[in-house]
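Colleague: Below: one structure in structure tokens.
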Amino acid sequence: MKDRKWDFIPFSYYDRTGMERHLEQRAAQGWLLERISNLGWYYRRIQPGKIHFTVTHYLRASQFDPEPTEEQREFHDFCLQSGWKLTAASGQMQVFYNEEDDPVPIDTEPALELERIGKMMKRILPFQFILLVIGFCMGGSWLWSLTHRPIDLLSSAYNLATGAIWLMLFLWCAADLFRYFTWRHRAKKAALLGEFVPTKGCQKLLMAMLAVTVLSFAYLLLADRKPGFRLVMLLMLAGYALLFLVVNGVKNFLKRRKASRTLNRGITLAVDVVLAFALMVGIAAGLFWGLSAGVISSMKEILDPPLSVEVLTGVEDSRYITRCQADSTFFITQRNFYQHIPFEERQAGENVAFLDYTIVDVHMSFLYGWCEEELLHDRDDWRGDDPDTPYYQYVEIDPTPWGAERAYQLWVGGEMPSSTYLICWPGRLVELEPDFELTQEQMALAAEKLAP
Amino acid sequence: MPRPKFQTLTEQMYYILLCLSKECCGMDIMERIPAMTGGRVRVGSGTLYNLLEQFAEAGMIRETKAEGRRRSYVLTDKGKETLSGEYRRICAQAWDYRTVFGEEEQR
């Protein structure tokens, strides 16, 4: 039978009540906390029973201390005197347990506890506010893109995964800060009456955030079709894991060697900064290499595009090459095809036809309208002489030649129709951009090849 | 609105200072207070530790000796003044009570 156990329950920093409840439940199951590390909480087997726990903070302690200071030991002695034994400590956080039936709590003056938690949170709140702002900006821009530019956003596994993580980060930061300040407000009032208020953190939301992060990365690794990108992602994750392990290893090694708090903090931070910089350089180099070698680009050459210049014009030319860039998720699949003859293979003054088209398959019907709007207004930022009117505008045309539900033709400067069309079939949108005028027959042929 | 620190004392602060009218170490206070109050007042170890530090910082008590990790303290003049101020406040409260309800009800 196992006599050691580990778990990782992410609690809000101030949520002493949640932590104490969890530890009491573990003790009732026969597990007593014996160590806390950055990787989780470690337990040893005991006789199941009712044990009281107190999670408190000793503000002068540091995670870089080689061992508890004399003052900290004196505090532990005080607690021991009233039956509270130290079971684990991590930095400022000190966890005590007491096996008596009705022990005197470690904290009996609510105003002091409030003051202590306030001081502890003062160091954490700036970081949490920074995360909140980052989460708001990134998550907000992700939401804006969802309604305004859904195609690029939802067809890319990377955008989908990172967007979900940013949104969860924002939600957790906002909820956690709200919970903390609500608790603080209530605790202040209660402290005047000499009463304690139990804390209530956002443990479930934090768990959800971690789950979304892990699932997003897993989805990203599984869904992304670019093998080189997958390799870069894996290396990046391995790099972060290595950074975490090395920094923790250095800190713990220096603690074992009884290095002073200042020395330990200085060396650990230096190692952290240097390794983080090296990691960033490594990631940038990896991406640069991947992009220049073409292994993390989703662009590839294909031989059998759905529609080609040859099919439309009937002119065969072996110099044509077609590049395809595809991205897909369970929301949207986007494929862009570009057929051309490379410049170096063209003869001077030779006039050759090019073909560029994008096929957007919308797998969830509620997104269709947003995608259509994006394609209709994609060029709205271009302005001509009239600053109030977009230079390029789609005008609805008869969809019959395309056999589609709706069709649009792009007009230039409000007076000249171009050869660019947006065709809307059920579940599929196609933006067709040949550099030559299409006849009715060519339209029918294109529709036959491109319709779903 | 939070009250200014130590302008009025809570019951726990009052008894800690009262215990320190004679030199004693922190851990002894934890036993003396329940004995003094018949178990009515109990001071948590964390609260006692923090209050001793804050009283010392405020100059209301001073450290007299340290035997290993056992530090002893005694009340200073400022501490005595605060304590007697609190005593007068409690007496005034008791007086007001008697004024309202009379001596009879007190018995």
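Colleague: Restricting attention to the stretch B:23-36, and to residues there that are more than 13 Å from every other protein chain (Cβ to nearest Cβ) and not small (Gly, Ala, Ser), which single residue is nearest to the chain's Cα centre (by Cα)? Spell out the reasoning first.
Modeller: To start, the set of residues in the stretch B:23-36 that are more than 13 Å from every other protein chain (Cβ to nearest Cβ) comprises B:23-24, B:35-36.
Going one step further and asking which of them are not small (Gly, Ala, Ser), we end up with B:23-24, B:36.
Details: B:Glu23: 14, B:Cys24: 13, B:Met36: 12 Å.
Only one residue fits best here, namely B:Met36.
Colleague: Within the bounds of the stretch A:407-425, is there any residue that is acidic (Asp, Glu), over 20 Å from A:Asp304 (Cβ atoms), touching a helix residue (DSSP H, G or I) at 6+ places or on another chain (Cβ under 9 Å) and exposed (fewer than 15 other Cβ atoms within 10 Å of the Cβ)? Steps first, answer last, please.
Modeller: Taking the stretch A:407-425 as the starting set, the residues that turn out to be acidic (Asp, Glu) are A:415.
Those left that are additionally over 20 Å from A:Asp304 (Cβ atoms): A:415.
Subset that is touching a helix residue (DSSP H, G or I) at 6+ places or on another chain (Cβ under 9 Å): none.
There is no residue in the stretch A:407-425 that is acidic (Asp, Glu), over 20 Å from A:Asp304 (Cβ atoms), touching a helix residue (DSSP H, G or I) at 6+ places or on another chain (Cβ under 9 Å) and exposed (fewer than 15 other Cβ atoms within 10 Å of the Cβ).
Colleague: Looking at this structure, is B:Glu63 charged (D, E, K, R) and closer than 19 Å to B:Gln12 by Cβ?
Modeller: On the way: charged (D, E, K, R): yes; closer than 19 Å to B:Gln12 by Cβ: no.
The answer is no for B:Glu63.
Colleague: Among the numbered conditions (1) loosely packed, with under 14 Cβ neighbours inside 10 Å; (2) small (Gly, Ala, Ser); (3) in a loop (DSSP other than H, G, I, E, B), tell me where A:Ala284 comes up short.
Modeller: Among (1) loosely packed, with under 14 Cβ neighbours inside 10 Å; (2) small (Gly, Ala, Ser); (3) in a loop (DSSP other than H, G, I, E, B), A:Ala284 violates only (3).
Colleague: Among (1) out of contact with any helix residue (DSSP H, G or I) (no Cβ under 9 Å at 6 or more places or on another chain); (2) under 30 Å from A:Glu372 (Cα atoms), there is one condition A:Ala285 misses while meeting the rest; what is its number?
Modeller: With respect to (1) out of contact with any helix residue (DSSP H, G or I) (no Cβ under 9 Å at 6 or more places or on another chain); (2) under 30 Å from A:Glu372 (Cα atoms), A:Ala285 is out only on (2).
Yes/no matrix, rows are residues, columns are (1) under 30 Å from A:Leu355 (Cα atoms); (2) touching a helix residue (DSSP H, G or I) at 6+ places or on another chain (Cβ under 7 Å):
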position: A:Arg257; (1), (2): no, no
position: A:Val271; (1), (2): no, yes
position: A:Met280; (1), (2): no, no
position: A:Asp304; (1), (2): yes, no
position: A:Gln339; (1), (2): yes, yes
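Colleague: Have a look at A:Ala111, A:Ala164 and point out the one that is surrounded by 15 or more Cβ atoms within 10 Å (Cβ to Cβ), more than 26 Å from A:Asp381 (Cβ to Cβ) and more than 14 Å from chain B (Cβ to nearest Cβ). Show your work before the answer.
Modeller: Values: A:Ala111 fails: more than 14 Å from chain B (Cβ to nearest Cβ).
Only one candidate passes the filter, namely A:Ala164.
Colleague: Another one. Only one of A:Trp144, A:Trp183, A:Trp166 is free of Cβ contacts under 8 Å to residues at least 24 places away in the same chain and of a type in the set (Phe, Trp, Tyr). Can you tell me which?
Modeller: Numbers: A:Trp183 fails: free of Cβ contacts under 8 Å to residues at least 24 places away in the same chain; A:Trp166 fails: free of Cβ contacts under 8 Å to residues at least 24 places away in the same chain.
So the residue among A:Trp144, A:Trp183, A:Trp166 that is free of Cβ contacts under 8 Å to residues at least 24 places away in the same chain and of a type in the set (Phe, Trp, Tyr) is A:Trp144.
Colleague: Consider the stretch B:46-64. How many of its residues are in contact with a Cys (Cβ under 9 Å, 6 or more places away or on another chain) and without any contact (Cβ under 8 Å) to a residue 12 or more places away in the chain?
Modeller: Summing the residues that are in contact with a Cys (Cβ under 9 Å, 6 or more places away or on another chain) and without any contact (Cβ under 8 Å) to a residue 12 or more places away in the chain in the stretch B:46-64 gives 1.
Colleague: From the set of residues in the stretch B:43-64 that are out of contact with any helix residue (DSSP H, G or I) (no Cβ under 6 Å at 6 or more places or on another chain) and in a loop (DSSP other than H, G, I, E, B), which is nearest to the other protein chains (Cβ to nearest Cβ)?
Modeller: B:Gly44
Colleague: The conditions are (1) without any contact (Cβ under 8 Å) to a residue 40 or more places away in the chain; (2) under 24 Å from A:Thr439 (Cβ atoms), and A:Ser308 fails exactly one of them. Which is it?
Modeller: Only one criterion in (1) without any contact (Cβ under 8 Å) to a residue 40 or more places away in the chain; (2) under 24 Å from A:Thr439 (Cβ atoms) is unmet by A:Ser308, namely (1).
Colleague: What is the one condition in (1) touching a Lys or Arg at 6+ places or on another chain (Cβ under 6 Å); (2) charged (D, E, K, R); (3) more than 21 Å from A:Asn252 (Cα to Cα); (4) touching a residue at least 24 places away in the same chain (Cβ under 8 Å) that A:Glu34 does not satisfy?
Modeller: For A:Glu34, the exception is condition (3).
Colleague: Follow-up question, since we're still on this one. Going by what's in this entry, would A:Leu231 be described as in contact with a Ser or Thr (Cβ under 8 Å, 6 or more places away or on another chain) and either at pLDDT below 85 or among the basic types (Lys, Arg) (or both)?
Modeller: no
Colleague: Out of A:Phe78, A:Phe170, which single residue is more than 14 Å from chain B (Cβ to nearest Cβ) and not basic (Lys, Arg)?
Modeller: Working: A:Phe78 fails: more than 14 Å from chain B (Cβ to nearest Cβ).
Being more than 14 Å from chain B (Cβ to nearest Cβ) and not basic (Lys, Arg) holds for just one of A:Phe78, A:Phe170, which is A:Phe170.
Colleague: While we're looking at this one, here's another question. Within the stretch A:75-113, how many residues are of a type in the set (A, V, I, L, M) and not in a strand (DSSP E or B)? Reasoning before the result, please.
Modeller: Within the stretch A:75-113, the subset of a type in the set (A, V, I, L, M) is A:80, A:86, A:88-89, A:93, A:95, A:104, A:106, A:111-112.
Narrowing further to those that are not in a strand (DSSP E or B): A:80, A:104, A:106, A:111-112.
Going through the stretch A:75-113 one residue at a time, the tally reaches 5.
Colleague: Now a separate question. If you check every pair at least six apart or on different chains, which have Cβ atoms under 8 Å apart with a residue in the stretch A:41-53 that is without any contact (Cβ under 8 Å) to a residue 40 or more places away in the chain first and a residue that is of a type in the set (S, T, N, Q) and surrounded by fewer than 16 Cβ atoms within 10 Å (Cβ to Cβ) second?
Modeller: What qualifies is A:Pro48/A:Gln29.
Colleague: Can you report the number of residues in the stretch A:403-421 which are out of contact with any Ser or Thr (no Cβ under 6 Å at 6 or more places or on another chain) and part of a strand (DSSP E or B)? I'd like the intermediate steps shown before the answer.
Modeller: So in the stretch A:403-421, the residues out of contact with any Ser or Thr (no Cβ under 6 Å at 6 or more places or on another chain) come out as A:403-409, A:411, A:413-421.
From what's left, part of a strand (DSSP E or B): A:406-409, A:411, A:416-421.
Qualifying residue count for the region: 11.
Colleague: Let me ask something else. Give the stretch B:73-84 a look and list any residue that's in contact with a helix residue (DSSP H, G or I) (Cβ under 8 Å, 6 or more places away or on another chain) and either part of a strand (DSSP E or B) or closer than 14 Å to B:Asp28 by Cβ (or both), or say none.
Modeller: Hits for the stretch B:73-84 are B:Tyr73, B:Leu75.
Colleague: Looking only at the stretch B:14-22, decide whether some residue is among the small types (Gly, Ala, Ser), under 15 Å from the mean Cα position of the chain (by Cα), outside any loop (DSSP other than H, G, I, E, B) and surrounded by fewer than 20 Cβ atoms within 10 Å (Cβ to Cβ).
Modeller: Pass one, the stretch B:14-22, residues among the small types (Gly, Ala, Ser): B:21.
Checking which are under 15 Å from the mean Cα position of the chain (by Cα) leaves us with B:21.
Right, trim to outside any loop (DSSP other than H, G, I, E, B) and you get none.
No, every residue in the stretch B:14-22 fails to be among the small types (Gly, Ala, Ser), under 15 Å from the mean Cα position of the chain (by Cα), outside any loop (DSSP other than H, G, I, E, B) and surrounded by fewer than 20 Cβ atoms within 10 Å (Cβ to Cβ).
Colleague: Moving to a separate point now. If you scan the stretch B:9-50, which residues turn out to be in contact with a strand residue (DSSP E or B) (Cβ under 8 Å, 6 or more places away or on another chain) and more than 23 Å from A:Asn98 (Cβ to Cβ)? Don't jump to the end; show me each part of the working.
Modeller: Taking the stretch B:9-50 and keeping what is in contact with a strand residue (DSSP E or B) (Cβ under 8 Å, 6 or more places away or on another chain), we get B:17, B:20-27, B:32, B:46.
Of everything in the stretch B:9-50, those that are in contact with a strand residue (DSSP E or B) (Cβ under 8 Å, 6 or more places away or on another chain) and more than 23 Å from A:Asn98 (Cβ to Cβ) turn out to be B:Leu17, B:Leu20, B:Ser21, B:Lys22, B:Glu23, B:Cys24.
Colleague: Still on this structure, please answer the following. For residues that are buried (at least 16 other Cβ atoms within 10 Å of the Cβ), over 27 Å from B:Glu11 (Cβ atoms) and in contact (Cβ under 8 Å) with a residue 12 or more places away in the chain, tally how many sit in the stretch A:71-96.
Modeller: Final tally of qualifying residues: 7.
Colleague: Looking at the stretch A:35-75, which of its residues are of a type outside the set (A, V, I, L, M, F, W, C), within 14 Å of chain B (Cβ to nearest Cβ) and within 21 Å of A:Phe11 (Cα to Cα)?
Modeller: A:His52, A:Thr54, A:Thr56, A:His57, A:Tyr58 - these are the residues of the stretch A:35-75 that are of a type outside the set (A, V, I, L, M, F, W, C), within 14 Å of chain B (Cβ to nearest Cβ) and within 21 Å of A:Phe11 (Cα to Cα).
Colleague: Here is a check on your reading of the model: is A:Leu33 surrounded by 18 or more Cβ atoms within 10 Å (Cβ to Cβ), at negative phi and not in a helix (DSSP H, G or I)?
Modeller: Numbers: surrounded by 18 or more Cβ atoms within 10 Å (Cβ to Cβ): yes; at negative phi: yes; not in a helix (DSSP H, G or I): yes.
Criteria met by A:Leu33.
Colleague: Within the stretch B:68-89, is even one residue surrounded by 15 or more Cβ atoms within 10 Å (Cβ to Cβ), under 13 Å from B:Leu18 (Cβ atoms), within 14 Å of chain A (Cβ to nearest Cβ) and under 12 Å from the mean Cα position of the chain (by Cα)?
Modeller: Scanning the stretch B:68-89 turns up no residue that is surrounded by 15 or more Cβ atoms within 10 Å (Cβ to Cβ), under 13 Å from B:Leu18 (Cβ atoms), within 14 Å of chain A (Cβ to nearest Cβ) and under 12 Å from the mean Cα position of the chain (by Cα).
Colleague: Can I ask one more? If you scan the stretch A:218-251, which residues turn out to be surrounded by 14 or more Cβ atoms within 10 Å (Cβ to Cβ) and either closer than 20 Å to A:Pro68 by Cα or in contact with a Lys or Arg (Cβ under 7 Å, 6 or more places away or on another chain) (or both)?
Modeller: Once the filter is applied, which keeps residues that are surrounded by 14 or more Cβ atoms within 10 Å (Cβ to Cβ) and either closer than 20 Å to A:Pro68 by Cα or in contact with a Lys or Arg (Cβ under 7 Å, 6 or more places away or on another chain) (or both), the stretch A:218-251 yields A:Leu221, A:Asp224, A:Asn248, A:Val250, A:Lys251.
The values are calculated or read from the model by the stated rules, or taken from the named source; none is laboratory data. Bear in mind that the values here come from a model prediction, so they are computed numbers and not experimental data. With ideal geometry, Cβ positions are generated from the backbone for all residues, glycine too; neighbour counts draw on all protein chains shown.
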